[in-house]
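Engineer: Have a look at the structure that comes next, please.
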Amino acid sequence: MIPISTSRARDAAAREPLGLYLHVPFCRDRCTYCSFVTTRDESLKGAVLARLRRDLAQWGEALGRPAIDTLYLGGGTPSLLTAPELEDLTAWTREAFDTSRLEEATLEANPGTLDLAWLEAARALGWDRVSFGVQALDDELLARLGRIHASAEALDALAWARRAGFARISADLMVGIPGQRLERVLQDARTLVEAGATHLSVYLLDLDKACPLRAQIDAGRLALPSEDEVADAFEALQEELPRLGLPPYEISNYAQPGQESRHNSRYWERRPYLGLGPSAASQLGDWRWTESGVITAWAEDRDRPEVQELDAAEALSEIPLLGLRMHRGVDWEALRRRGEALNLTPLVDAWEAQLDPLTRRGLLVREGSMLRLTSHGMLMSNGILGIFVQ
Ligand code: SF4
């Protein structure tokens, strides 16, 4: 069921190609830190794929078979789809959407769930970028995280991806795992790049929500690294990854030039995207909504998403809130002109008053009309970007 006005959505989709995200909510086991929408119950696969098929067809028809330029299969664990299931999902997508301008098709994959044949099948279907959830290359840490794979399997997966013909390979690396040492983070980053990763996403272990790892820490059985140790690790990676040929292009992301994720970049550039699947988020025009995170309710279309329509101030705020995450920053003069056109100059002035002292402290830098975070500012981005939260 389309939750927004079809005619206005069609206009928005006609203005520029969309990004399409599909969520595959299955995992073989739940990691000890995970709060994503996922289940071990693969008996739900048929119902989930059937709803994805319906949604793809309905959206394609409602929007007039719009063009998509990026496609992203995330999860969960998309590599739990069999090759025939992946073939079906790819075919339904191509039937419903115009993929003639597709620039990138990414699959997330768990190294513990795949083999060379699966990667070859995915590549033959046109998927050209693979993103592996590696997290670390230390088996003790991987066991602590409840990952189902060992480090050797992660390195095998990267080698198979290269053999299968993937020229664009990303790996996730986690910082802040209990027991993780700085030297080990750097060593893992080097090993991943040597193994063929052309893109690295570096995340801080996030234990905000209740999960088994949080419980172990609260019970005093494990200890998180200190804030200083974590900051040192991020700073060391900021220095080391450019030396390995992967400069940063976003707060958490590093890539060889030309290997940046075009799909993820669209989130920071506020370009439109459609997300299908439980918990998937969409933004089209100034509308935004998130599908139900209850997998069975989503599959049966029982839990309709609430649509939020952003007002002019909220939409304007998102330009720096998201854009400053990117290394190139935001065209501040263009933002100011846009603010003037929307009668929101006082809002832009208020931001500037808060940003100027941060610029003097070296956390931000102006280069021509562009404003961007410095390396030091990237490490303190949460506090800085909070200025733009409406
Ligand atoms: S593989 Fe990812 S989505 Fe699945 S349980 Fe682990 S962290 Fe969660």
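Engineer: Could you list all residues from the stretch 189-213 that are in contact with a Gly (Cβ under 6 Å, 6 or more places away or on another chain) and part of a loop (DSSP other than H, G, I, E, B)?
Structural biologist: Pass one, the stretch 189-213, residues in contact with a Gly (Cβ under 6 Å, 6 or more places away or on another chain): 204-205.
Residue satisfying the conditions is Leu205 alone.
Engineer: Whether any residue in the stretch 288-298 is in contact (Cβ under 8 Å) with a residue 40 or more places away in the chain and among the basic types (Lys, Arg) is what I want to check.
Structural biologist: Scanning the stretch 288-298, I find no residue that is in contact (Cβ under 8 Å) with a residue 40 or more places away in the chain and among the basic types (Lys, Arg), so the answer is no.
Engineer: List every residue pair whose Cβ atoms lie under 6 Å apart, where the two residues are 6 or more positions apart in sequence or sit on different chains, the first residue falls within the stretch 146-158 and is within 12 Å of the ligand (Cβ to nearest atom) and among the hydrophobic types (A, V, I, L, M, F, W, C), and the second residue, located anywhere, is modelled with pLDDT of 95 or more and outside any helix (DSSP H, G or I).
Structural biologist: Pairs found: Ile148/Arg28; Ile148/Asp29.
Engineer: Using the structure shown, decide if Leu155 is within 23 Å of Trp127 (Cβ to Cβ), aliphatic (A, V, I, L, M) and not assigned by TED's automatic domain parsing to the domain that holds Asp331.
Structural biologist: Working: within 23 Å of Trp127 (Cβ to Cβ): yes; aliphatic (A, V, I, L, M): yes; not assigned by TED's automatic domain parsing to the domain that holds Asp331: yes.
Criteria met by Leu155.
Engineer: Out of the residues in the stretch 370-385 that are of a type in the set (A, V, I, L, M, F, W, C) and part of a strand (DSSP E or B), which is surrounded by the fewest Cβ atoms within 10 Å (Cβ to Cβ)? Full working, then the answer.
Structural biologist: Residues of the stretch 370-385 that are of a type in the set (A, V, I, L, M, F, W, C), as a first pass: 370-371, 373, 378-380, 384-385.
Now narrow it down to the ones that are part of a strand (DSSP E or B): 370-371, 373.
On the way: Met370: 15, Leu371: 21, Leu373: 23.
Ranking the candidates gives Met370 first.
Engineer: Here is a further query. Across the stretch 107-130, what is the number of residues that are within 30 Å of Pro212 (Cβ to Cβ) and either surrounded by fewer than 24 Cβ atoms within 10 Å (Cβ to Cβ) or out of contact with any His (no Cβ under 8 Å at 6 or more places or on another chain) (or both)?
Structural biologist: Initial filter on the stretch 107-130 (within 30 Å of Pro212 (Cβ to Cβ)): 107-115, 118, 130.
Now restrict to residues that are either surrounded by fewer than 24 Cβ atoms within 10 Å (Cβ to Cβ) or out of contact with any His (no Cβ under 8 Å at 6 or more places or on another chain) (or both): 107-109, 112-115, 118, 130.
Here the count works out to 9.
Engineer: Could you check, for the stretch 56-76, whether at least one of its residues is free of Cβ contacts under 8 Å to residues at least 12 places away in the same chain and either surrounded by fewer than 18 Cβ atoms within 10 Å (Cβ to Cβ) or of a type outside the set (Asp, Glu) (or both)? Explain how you work it out, then say what you get.
Structural biologist: Let us first name the residues in the stretch 56-76 that are free of Cβ contacts under 8 Å to residues at least 12 places away in the same chain, namely none.
The answer is no, given that none of the residues of the stretch 56-76 is free of Cβ contacts under 8 Å to residues at least 12 places away in the same chain and either surrounded by fewer than 18 Cβ atoms within 10 Å (Cβ to Cβ) or of a type outside the set (Asp, Glu) (or both).
Engineer: Being in contact (Cβ under 8 Å) with a residue 24 or more places away in the chain, out of contact with any strand residue (DSSP E or B) (no Cβ under 7 Å at 6 or more places or on another chain) and small (Gly, Ala, Ser) is the filter here, so list the residues in the stretch 319-341 that pass it.
Structural biologist: Pass one, the stretch 319-341, residues in contact (Cβ under 8 Å) with a residue 24 or more places away in the chain: 319-334.
Now restrict to residues that are out of contact with any strand residue (DSSP E or B) (no Cβ under 7 Å at 6 or more places or on another chain): 321-322, 333-334.
Result: Ala334, single match.
Engineer: Next up: Restricting the search to the stretch 214-269, which residues are part of a loop (DSSP other than H, G, I, E, B) and more than 23 Å from Ser131 (Cα to Cα)? I'd like the intermediate steps shown before the answer.
Structural biologist: Taking the stretch 214-269 and keeping what is part of a loop (DSSP other than H, G, I, E, B), we get 219-226, 244-247, 251-252, 256-261, 269.
If the condition is that a residue be part of a loop (DSSP other than H, G, I, E, B) and more than 23 Å from Ser131 (Cα to Cα), then Ala219, Gly220, Arg221, Leu222, Ala223, Leu224, Pro225, Ser226 are the ones that fit.
Engineer: State yes or no: is Leu173 assigned to a loop (DSSP other than H, G, I, E, B) and of a type in the set (A, V, I, L, M, F, W, C)? Reasoning before the result, please.
Structural biologist: On the way: assigned to a loop (DSSP other than H, G, I, E, B): no; of a type in the set (A, V, I, L, M, F, W, C): yes.
When the stated conditions are applied, Leu173 does not pass them.
Engineer: Next up: Check the stretch 133-144 and report whether any residue there is at pLDDT 95 or above, acidic (Asp, Glu) and farther than 30 Å from Leu222 by Cα.
Structural biologist: Our first condition is that a residue be at pLDDT 95 or above; within the stretch 133-144, this holds for 133-144.
Those left that are additionally acidic (Asp, Glu): 138-140.
Cutting the leftovers down to farther than 30 Å from Leu222 by Cα gives us none.
Among the residues of the stretch 133-144, not one is at pLDDT 95 or above, acidic (Asp, Glu) and farther than 30 Å from Leu222 by Cα, which makes the answer no.
Engineer: Condition first: more than 14 Å from the ligand (Cβ to nearest atom) and either under 15 Å from Ala281 (Cβ atoms) or not acidic (Asp, Glu) (or both). Now tell me which residues in the stretch 14-24 satisfy that. So that I can check it myself, show each step before the final result.
Structural biologist: Step one: list which residues in the stretch 14-24 are more than 14 Å from the ligand (Cβ to nearest atom), which gives 14-22.
Answer for the stretch 14-24, where residues must be more than 14 Å from the ligand (Cβ to nearest atom) and either under 15 Å from Ala281 (Cβ atoms) or not acidic (Asp, Glu) (or both): Ala14, Arg15, Pro17, Leu18, Gly19, Leu20, Tyr21, Leu22.
Here is a yes/no grid of residues against (1) surrounded by fewer than 21 Cβ atoms within 10 Å (Cβ to Cβ); (2) farther than 25 Å from Glu229 by Cα:
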| site | (1), (2) |
| --- | --- |
| Arg147 | no, no |
| Ser151 | yes, no |
| Leu158 | no, yes |
| Ala167 | yes, yes |
| Ala171 | no, no |
| Ile177 | no, no |
| Lys209 | yes, no |
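The values are calculated or read from the model by the stated rules, or taken from the named source; none is laboratory data. Just so we're clear, the structure is a prediction, and the values are computed from it rather than from any experiment. Neighbour counts are summed over all protein chains in view; Cβ atoms, including those assigned to glycine, are modelled from backbone coordinates with ideal geometry.
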